[in-house]
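Heads up, the thing below is written out as structure tokens.
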Amino acid sequence: MAQIDIKNFMQENFKIEDFTHLNWSGTFQDYLDIVSEDPRVARNSFQRVHDMIMSFGTSNYTEYKKDIVRYHFFDDPINNGKDAVFGIDVHLMKFVNFFKAASAGYGTEKRVLLLHGPVGSAKSSIARNLKQGLEHYSKTDDGRMFTFEWYDQEESDILGGQKLFPSPMHEEPFKLIPVEVRKQFLDNLNKGRKDGEVKINIKGEVNPADRYILNQYMMKYDGDWMKVMENHIRVKRLLLSEKDRIGIGTFQPKDEKNQDSTELTGDINYRKIALYGSDSDPRAFNFDGEFNIANRGIVEFIEMLKLDVAFLYDLLGASQEQSIKPKKFSQTDIDEVILGHTNEPEFRKLQSNEFMEALRDRTVKIDVPYITRLDQEVKIYQKDFNGDTIPHMHIAPHTLDVASMWAILTRLEEPKKADLTKLQKLKLYNGKTLPGYNEDNVKELRKEAIREGLDGISPRYIQDKISNSLVKNSHAGCLNPFMVFNELESGLKHHGLISSPDQLDHFREMLAVTRQEYEDIVKNDVQKAISVDETAIQTLCANYIDHVKAYTQKEKIRNKYSGKLEDADERFLRSIEEKIDIPESRKDDFRREIMNYIGALAIEGKQFDYKMNERLHRALELKLFEDQKDSIKLTTIISNVVDKATQEKIDVIKTRLIKNFGYCEICSTDALNFVASIFAKGDSIKS
Ligand SMILES: Nc1ncnc2c1ncn2[C@@H]1O[C@H](COP(=O)(O)OP(=O)(O)O)[C@@H](O)[C@H]1O
Ligand SMILES: [Mg+2]
């Protein structure tokens, strides 16, 4: 281990300037100067959250002809992507739009933002992103914000015998400006700011404790507000911190019977009553309820609908009025985002409740469904299980893909078109093209499936089962799809969220579909590894083209071996075309299409390459594989008597699997054995 000189290390890495910068304090006038220069400092919580999200930038793409914005914030750059949210951009757009409207004051700032979706659909992840994002933003210059504390030269009765009294709800300093002169103050401050630029607004009054102290000092100085500010107010940088309970709150209902409003709006501090002599003295009150501490930032309500109904009304009221009512004190203004989440089943339970109407009125519900796009779902597990998180274990190719595939299959609704399988639907959703389906059809498919993404297997189940299989198979050094399939399957018996035997059957059926698909995928890899020989495939291609040309132009072709002129070899042509199911009746079209393409290329002075035609490419691969399969004697692998020549050929294939397809020593052997066993059973080599 390296030696560290702690003094040097700290000097280089831990900057004192940063610390003093973040711990800035100054006078009220200093603060006013800062705000005049950068009015963003005095933004409200909604504006700050919106700007924070936007500060990470966006990019655009289209899906089903719809313009979609990806907010890079949801890549979780703050935590190196640990909490990134994938595949639900359309819903995240609605989420961000809520903040956009609220920051412009269009009314959503008076609503509870309610995330709604099935269990494990990233609701908590989104909330975590937001809380951490805001915490981080408050530490940057762009996101800086301020509060104040009261101070006195001597221990002062007004401050309860202390010299210092921090604003208990870390209030915005401008809230100290008397209401009588607010409008004028704001008019002056905002003068010259154009439409669309940040305009400062101050809403409401400081909390009861701050108000009490302000009044006391005002009396002491005979109403000279400026003297109070100059002698007793110190403005400070405000750094939000969930751990320190500053500006970020989280509330999780515990026992349904045992909910107490003090957890939300604070409580009397009995120790301090002795000091202040009365329980109605606001300085004897702890403004430490979740709503209090979250002032200026965000409060998250986990499983919001598990709250007692009386509480829920309080909560809706708090958002509507943007104020709360601490026990024994008057309404107290708050400036915070109220974010709740609820699971789909819980939400449904309330559907018939009369309370629902109030809820619908005062919440903005954002659906957070499961991902239904394979390549997005895979990203979750790639993030969870990679070389950093599991350094000593290789993951065989397709392992995470097939787990994702199964998850998505369980979430898809049966397509109404009888000839479309769920697996095909999955592929269409994943951007693959199928004959007879264009973007509009796929959009239709999505539209007809109303509950899609609200049911099925959650990512959490997949994560747990992959983790389990990693632990169970750690001795193997490589995790393959079979291990994961087994774990996914055996876990179903104890899956707490499976509601009916039908659902269980459906999940198992989809697992069988996925296993079958994996069989095809791995077969495909081995076939490709065998036929990856570039020159062989090029030669085969050139041969095919020569014969197609002779066929379409009714010419003779010279036999390479005998030197004789012959007709095009129909058997050879068909042996390739049949690999991709081109029927006799369509062969002419296919051949003509290829010749036309080659002709068009020739006009441009370009040469045909087999990679230009995906179907032909595949056909050539399969043909090459068929030709070589017997010479390689793949099936002998499983008989354990492999001669030297065969072993050498097999080793070449193995090396290709490792070099070109991401296999390791272990899983390439597994794959070859598996495919050999399929062929031994006499399976067709077509995929
Ligand atoms: N769309 C998604 N993008 C990224 N990860 C996801 C997504 N959906 C679920 N997850 C993962 O699934 C797990 C459960 O998510 P969580 O946020 O706790 O769900 P919820 O709060 O909705 O029950 C987390 O590890 C999360 O990363
Ligand atoms: Mg959650």
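Every read-out reported here was derived from the displayed coordinates using simple, explicitly stated rules and does not represent laboratory data. All values derive from a computational prediction rather than experimental measurement. Cβ placement follows ideal geometry from the backbone for every residue including glycine, while neighbour counts extend to all protein chains displayed.
So if R0 is 41 Å, what FRET efficiency would Thr669 and Lys82 give, r being the distance between their Cβ atoms, rounded to the nearest 0.05?
Working: r = 34 Å, r/R0 = 0.84.
The calculated FRET efficiency here is 0.75.
Hey, fewest Cβ within 10 Å first, where do Tyr276, Tyr381 land in order?
With the fewest neighbours first, Tyr276, Tyr381 line up as Tyr276, Tyr381.
Given the chain, report the % of alpha carbon pairs whose separation exceeds 41 Å. If you can, show how the numbers build up before the last one.
Details: 113760 of 235641 pairs.
Here the long-distance tail beyond 41 Å is 48 percent of all Cα pairs in the chain.
Please report Phe99, Phe608 as a ranked list, fewest other C-beta atoms within 10 angstrom at the top and most at the bottom.
Values: Phe99 24, Phe608 19.
The most exposed by this proxy come first: Phe608, Phe99.
Work out from phi, with θ = phi - 60° and the Karplus expression 6.51 cos²θ - 1.76 cosθ + 1.60, the ³J(HN,Hα) of each residue of the range 37-54, listed in order in whole Hz, and give x for Gly and Pro.
Ordered by residue, 3J(HN,Hα) equals 6, 9, x, 4, 4, 9, 5, 7, 4, 5, 4, 5, 4, 4, 5, 4, 4, 5 Hz.
Please give the contour-minus-distance gain from Asp30 to His495: 0.36 nm per residue of separation, less the Cα-Cα distance, rounded to one decimal in nm. Don't jump to the answer; show the numbers that get you there.
Details: separation 465, 0.36 × 465 = 167.40 nm, distance 6.00 nm.
In short, 161.4 nm is gained.
From Cα pairs below 8 angstrom and at least 6 apart in sequence, can you work out the relative contact order of the range 112-257, rounded to a whole percent? Please list the in-between numbers first.
Values: 137 pairs, mean separation 43.7, N = 146.
Reported as a whole number, the value is 30 percent.
Place a point 7 Å from the Cα of Ser280 along the Cα-to-Cβ direction; which residues of the range 315-336 have their backbone N under 12 Å from it?
328-330
Under the rule of at least 5 residues apart or a separate chain, name every residue whose amide H is placed under 5 Å from the amide H of Phe251.
Under 5 Å from the amide H of Phe251 lie the amide H atoms of Glu300, Phe301, Ile302, each far enough along the sequence or on another chain.
In the chain, what percentage of the DSSP-assigned beta bridges are antiparallel, given to the nearest 5?
So the antiparallel bridges amount to about 55 percent of the total.
Let me know the Kirkwood hydrodynamic radius for the range 533-679, please, with Cα pairs as the basis and the value in Å to one decimal.
Values: mean 1/r = 0.0572 Å⁻¹.
Result for the range 533-679, one decimal place: 17.5 Å.
Please list, in order along the range 432-438, the HN-Hα scalar couplings obtained from phi with the Karplus expression 6.51 cos²θ - 1.76 cosθ + 1.60 (θ = phi - 60°), rounded to whole Hz, x for Gly and Pro.
Going residue by residue, I get 7, 9, 10, x, x, 10, 10 Hz, with x marking Gly and Pro.
At 222 nm, what value in deg cm²/dmol follows for the chain if DSSP H runs of at least 4 each add -39500 (n - 2.57) and the sum is divided by all its residues, to the nearest 500? Each step should come with its number before you reach the end.
On the way: 28 runs with 338 residues, N = 687.
Result for the chain, helices only: -15500 deg cm²/dmol.
Of Lys243/Lys472; Lys472/Lys528; Lys443/Lys579; Lys100/Lys203; Lys100/Lys123; Lys220/Lys272, which sit over 25 Å apart, Cα to Cα?
Values: Lys243/Lys472 36 Å; Lys472/Lys528 31 Å; Lys443/Lys579 32 Å; Lys100/Lys203 19 Å; Lys100/Lys123 20 Å; Lys220/Lys272 23 Å.
Exceeds cut-off: Lys243/Lys472; Lys472/Lys528; Lys443/Lys579.
Please list the non-local residues whose amide H lies under 5 Å from the amide H of Ser323, H modeled 1.01 Å from N, same-chain partners needing a gap of 5 or more.
Placed amide hydrogens put Ile334 under 5 Å from Ser323.
Across the range 393-401, in residue order, what do the Karplus-derived ³J(HN,Hα) couplings come to in whole Hz, using 6.51 cos²θ - 1.76 cosθ + 1.60 with θ = phi - 60° and x for Gly and Pro?
Here the 3J(HN,Hα) series is 10, 8, 10, 4, x, 6, 4, 6, 5 Hz.
For the pair Val652 and Asp546, what calculated FRET efficiency results from E = 1/(1 + (r/R0)^6), where r is the Cβ-Cβ distance and R0 = 45 Å, to the nearest 0.05? Each step should come with its number before you reach the end.
On the way: r = 28 Å, r/R0 = 0.63.
Once rounded, the FRET efficiency stands at 0.95.
Order these by the 10 Å Cβ neighbour count, fewest first: Tyr64, Tyr31, Tyr610. Display every interim value, and only then the final one.
Values: Tyr64 13, Tyr31 25, Tyr610 20.
Placing the least packed residue first, the sequence is Tyr64, Tyr610, Tyr31.
If the reach is capped at under 17 angstrom between alpha carbons, list the lysines near Lys7, excluding any in the same chain fewer than eight residues apart.
Lys15
Under 5 Å between amide H atoms, partner at least 5 residues away or on a different chain: which partners does Cys478 have, H built in plane at 1.01 Å?
It is His394, by chain and number.
If each of Glu12 and Gln162 carries a label point 7 Å out from its Cα toward its Cβ, how far apart are those two points in nm?
Placing both labels 7 Å beyond Cα along the Cβ direction yields 4.1 nm.
Charges at C-beta only: +1 for Lys and Arg, -1 for Asp and Glu. How large is the resulting dipole of the chain about its Cα centre, in Debye rounded to 20?
Numbers: 99 positive and 112 negative charges, 292 e Å.
About 1400 debye.
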